[in-house]
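Peer 1: I'd like to ask you about the structure that follows.
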Amino acid sequence: MKKIVLTGGGTAGHVMPNIALLPYLNNCEIHYIGGNGIEKELLSGYKNVTYHEIPCVKYIRGVSMKNLLIPFKLIKSLSAARKIIKEIKPDVIFTKGGYVSLPVALSAGKIPVITHESDMSMGLTNKLIRRKCKYVCTAFDVTATGIKNGVYTGAILRRELRTGTRKSSSPTLLVMGGSLGSAAINNCLSECLKDLTKKYNVIHIVGKGNLSDQAMPHYKQIEFTSSMADVYADADLIISRGGANSLFEIAALGKKALIIPLPKGASRGDQIENAAYFSERGLVKVLPQNELNAERLIKELNALEAFTPASFHVDGTKKVASLILSV
């Protein structure tokens, strides 16, 4: 039986693609190496996956004294990852990037490593580990260009996303800012919520720890859900950040979406690039965060109702699974 190590964490975007691969790896012995973050919580319900926790270190953008501790913390992470890998003796390691993946990939030794990059531009971890990888799979076609071991596979999508059941009989607006939430979107929404709930049922995924005491008819708050199928089925319009996983899911389902990408400075600018790629292909509408206010948001949503997204179907889940099983 093939032994596979999966790794990735910090945000749901680095975890859910790994979970999406599980049905295609069901005849394998699966181990997951992660930290004490959202990845541990999301994997807790999968009894066929053995979870191994290691200490993880995250780079903080901008000037922070905490970054001075990174080399010391990374040594501990590497030591823990090496010990676990030595015990498991996996046939292959698959990473979804993010800081959780770094010590695992660096500790692989001669074990083949495959990584997948969801964003249009490569994240820091994938830049650091790509020369150790047998394959660097990419969700975007342009990303694989120029990478010696790059393989364009498409996005990793959960197959159950298309199995949702619509429960709402009224127009429904889904607002989501990623697994950690978005203060900018949440704050703007609260300013115009009374107007929006006159027209829509509003489902608001606020992010972990961001539930508020704001309550009114036709408004529902959720911290986070790993069961997005029914939520997507209800959604007529979507407001979202520009995370690649969300964009590919929205496009695959043909949903009308207004994307408010995380601005540069708060990120490396990857969400701006992702959103532009989808916007140029007629898949979504984009509103820069510096132009976001209550009046503009309502105006953009009114225009979004008449928008017809282009057709777009890129599901690379089977292809990625096949590469993992091939090594």
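Here's the yes/no breakdown for (1) open to solvent by 80 Å² or more (accessible area, probe 1.4 Å); (2) over 21 Å from Ile19 (Cα atoms); (3) at pLDDT 90 or above:
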| residue | (1), (2), (3) |
| --- | --- |
| Glu41 | yes, no, yes |
| Val49 | no, no, yes |
| Glu53 | yes, no, yes |
| Met65 | yes, yes, no |
| Ile70 | no, yes, no |
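Peer 1: Consider Glu295 carefully, then state whether it is assigned to a helix (DSSP H, G or I), farther than 30 Å from Lys194 by Cβ and either acidic (Asp, Glu) or in contact with a Phe, Trp or Tyr (Cβ under 9 Å, 6 or more places away or on another chain) (or both). Spell out the reasoning first.
Peer 2: Values: assigned to a helix (DSSP H, G or I): yes; farther than 30 Å from Lys194 by Cβ: no; either acidic (Asp, Glu) or in contact with a Phe, Trp or Tyr (Cβ under 9 Å, 6 or more places away or on another chain) (or both): yes.
Taking the combined requirement at face value, the residue does not satisfy it.
Peer 1: Cβ-Cβ under 7 Å, sequence separation 6+ or interchain: first residue in the range 74-86 and assigned to a helix (DSSP H, G or I), partner of a type in the set (Gly, Ala, Ser) and at pLDDT 95 or above. Which pairs?
Peer 2: Hits for this filter: Leu78/Ser107; Ala81/Ser107; Arg82/Ser107; Ile85/Ser107; Ile85/Ala108.
Peer 1: In the range 257-271, which residues are charged (D, E, K, R) and either surrounded by fewer than 20 Cβ atoms within 10 Å (Cβ to Cβ) or touching a Lys or Arg at 6+ places or on another chain (Cβ under 8 Å) (or both)?
Peer 2: Lys264, Arg268 - these are the residues of the range 257-271 that are charged (D, E, K, R) and either surrounded by fewer than 20 Cβ atoms within 10 Å (Cβ to Cβ) or touching a Lys or Arg at 6+ places or on another chain (Cβ under 8 Å) (or both).
Peer 1: Cβ-Cβ below 9 Å, separation at least six or inter-chain, first residue in the range 8-35 and without any contact (Cβ under 8 Å) to a residue 40 or more places away in the chain, second charged (D, E, K, R) and open to solvent by 20 Å² or more (accessible area, probe 1.4 Å): which pairs?
Peer 2: Once the first residue is without any contact (Cβ under 8 Å) to a residue 40 or more places away in the chain and sits in the range 8-35, its partners that are charged (D, E, K, R) and open to solvent by 20 Å² or more (accessible area, probe 1.4 Å) give Asn27/Lys2; Glu29/Lys2; Glu29/Lys3; Ile30/Lys3; Tyr32/Lys40.
Peer 1: Hand me the list of helices (runs of 4 or more DSSP H) wholly inside the range 92-177 holding 1 or more residues that are in contact with a Lys or Arg (Cβ under 7 Å, 6 or more places away or on another chain) and surrounded by 17 or more Cβ atoms within 10 Å (Cβ to Cβ).
Peer 2: Answer list for the range 92-177: 101-106.
Peer 1: For Glu300, state whether it is crowded, with 16+ Cβ neighbours inside 10 Å, closer than 20 Å to Leu174 by Cα, under 19 Å from the mean Cα position of the chain (by Cα) and not aliphatic (A, V, I, L, M).
Peer 2: On the way: crowded, with 16+ Cβ neighbours inside 10 Å: yes; closer than 20 Å to Leu174 by Cα: yes; under 19 Å from the mean Cα position of the chain (by Cα): no; not aliphatic (A, V, I, L, M): yes.
Considered against the rule, which asks whether it is crowded, with 16+ Cβ neighbours inside 10 Å, closer than 20 Å to Leu174 by Cα, under 19 Å from the mean Cα position of the chain (by Cα) and not aliphatic (A, V, I, L, M), Glu300 comes out as no.
The values are calculated or read from the model by the stated rules, or taken from the named source; none is laboratory data. Small disclaimer: the values here were computed from a predicted structure and weren't measured. Here Cβ is always computed from backbone atoms with ideal geometry, including for glycine, and neighbour counts include all displayed protein chains. Just the protein is used for accessible areas: all its heavy atoms, side chains included, with ligands, DNA and RNA removed. Shrake-Rupley method; radii C 1.70, N 1.55, O 1.52, S 1.80 Å.
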